[in-house]
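Here is the structure we will look at.
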Amino acid sequence: MAIGAQRMNICVFGLWHLGSVTSACLAKLGHAVVGLDFDKAVVKRLRNGKAPLFEPGLDGLISKKLCAQRLSFTCDAKEALKTAQVVWVTFDTPVNDKDTADILFVERNIKKIMPYLKTETAIIVSSQAPVGFTGKIEKIFRKNFPEKKCYFACSPENLRLGKAIDVFLHPDRIVIGVNTEKTKEVLLPLFSSITDRLEWMKTESAEITKHAINSFLATSICFANEIACLCEKMGADFKEVEHGLKSESRIGPKAYLGAGMAFSGGTLARDVDFLIKLSRKNKLPSHLIKAVSESNAQHKEWVQWKCHELFRNLKKKNIAILGLTYKSGTNTLRRSLAVELAKKLKGEGARVYGYDPIIKTLPADLARSIKLKSNIKDAVDNADLVILATEWPELQEMSPEMIQLMMNKVVIDPGGFLLKVIGSGNENYFYVGKGNEKRSKG
């Protein structure tokens, strides 16, 4: 903790990815942290130093802070809140297969702890929720507990799977929504212990800032993918076009303009869905935002299109999929495009083999579609086609022998992750935006 920073008693409520990272990092900063969740299995794992899903360095940080008695976990709301100055709501908002968020899940859980909140407690909402949610929760609380004076704020989550600890401890800035100066005064010591780059605004502004950021990133991805698909048809190379775009000073080198797989997992799509529904509710047009959702849904089929362009029939073809998780740096398979693709290819009669550096076993339903291999060579050896689906850094560190084996295969690498390894000149290597003449391998 920075010199002069104030140590606070904090309850982190909701202990999946966002909550387990938040609780461990706050403890590292010197705060006294109690993690609260009503899922007994999750709490039991955390008490043993095991996060509910893989995040580099997280298990070690949790164990260290448990031993230092800066961090504890419980299912008992009364116990967790008895000395809490701040309650940080960190549920990962559930999302269904249509990218619709279950906001009632978060609301129901917050209502459960309301009777145990003591007066002068500050409540920060970081779970992904539509604009107006924090205000709604505050109204519910004030209606049911008028005798208690509590402070409500919103600080939209900004974590990235695989880099979550570093992003929490060294953020570009933190967006914090408050509607009173007193709330800002109460929370300033907490956020100042993380960074001095604090962006204070109205609660509703903070909520819609999160929607706008994720929707802008989603728009950028779809724009890049659509331009890249044009490049393929016109014999251009989007990797070159990308450099041209980013060298334009009004766009810049950090622009989110890499072509590749469609976005998945629900994080970006959830905010796109929020904005579409908010526009519809307020009878406002949302042509661009709706088009983002439609464009992304269509681009999810790009790998299959490419498979059919290269092979007339996939029946009995051996296809190796490298990387199975939703993204690198995590072990979650839910909403993974790699998994969705494997099921579709299996449905077309292909034999699908998979490798992922962190997945050692597959759930029974997935094991019926994917034969998991313990190393890249076993997955690729007899493959007619290799698809790189999740960009694990380890895949760029293959041995010369493995690289040679890959160069003799037909490889679909949507994001061009292995471009420097295989080379764009290899006629059997394909990525989104690489102009190639159509051909069939039979």
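Things to note:
- Gyration tensor (alpha-carbon) shape descriptor, region 255-384, a/c threshold 1.5: prolate
- With the charge dipole of the chain set up from +1 on Lys and Arg Cβ and -1 on Asp and Glu Cβ about the Cα centre, the Cα lying farthest toward the positive end among the listed residues 310, 152, 24 is that of 152.
- The chain: most fluctuating residue of 324, 310, 71 per GNM, C-alpha cutoff 10 Å: 310
- Our estimate of slack between residue 313 and residue 279, defined as 0.36 nm per intervening residue step minus the Cα-Cα distance, is 7.9 nm.
- Fraction of antiparallel bridges per DSSP, region 321-411 only, in percent to nearest 5: 0
- Under 5 Å from the amide H of residue 35 lie the amide H atoms of 12, 72, 73, 74, each residue being 5 or more positions distant or on a separate chain, with H modelled from the backbone and absent for Pro and chain starts.
- Ranking of 83, 219 by count of other Cβ atoms within 10 Å, fewest first: 83, 219
- Using 0.36 nm per residue and subtracting the Cα-Cα separation, the extra length available between residue 216 and residue 367 on full extension is 50.7 nm.
- Förster-model FRET efficiency, 60 Å R0, residue 76 and residue 248, C-beta, rounded to 0.05: 0.60
- Loop-resident sites, region 115-164, for trypsin sites (Lys or Arg not before Pro), counting at most 16 other Cβ within 10 Å (DSSP): 118, 148, 149, 160, 163
- Charged-residue dipole, Cβ positions (Lys, Arg, Asp, Glu), the chain about Cα centre, Debye nearest 20: 1180
- Going by neighbour counts of Cβ atoms within 10 Å, the residues 305, 200, 88 line up, fewest first, as 305, 200, 88.
- Tensor-based shape of region 9-201 (alpha-carbon gyration tensor, a/c under 1.5 rounded, otherwise prolate or oblate): rounded
- In percent, rounded to a whole number, the relative contact order of the chain is 13, using alpha-carbon pairs under 8 Å and six or more apart.
- Under a model in which nothing but the beta-carbon of Lys, Arg (+1) and Asp, Glu (-1) is charged, region 1-101 shows a dipole of about 480 debye around its Cα centre.
- Fluctuation leader among 20, 193, 286 - the chain, Gaussian network, Cα springs under 10 angstrom: 286
- Cα centroid of region 53-97 to Cα centroid of region 260-288, whole Å: 30
- Footprinting exposure proxy ranking of 361, 90, 180, 330, fewest other C-beta atoms within 10 angstrom first, gives 361, 180, 330, 90.
- Given the choices (1) 23, 52, 20, 4, 0; (2) 23, 51, 24, 2; (3) 28, 54, 18, 1, P(r) over Cα pairs in 20 Å bins from 0, in percent derived from the coordinates of this structure is entry (2).
- Region 289-353 and region 162-213 have their alpha-carbon centroids 37 Å apart.
Here, each number is a calculation from the coordinates, and none is a lab measurement. Everything numeric in this text was worked out from a predicted model, so none of it was measured. Positions of Cβ are backbone-derived with ideal geometry, glycine not excepted, and every protein chain shown enters the neighbour counts.
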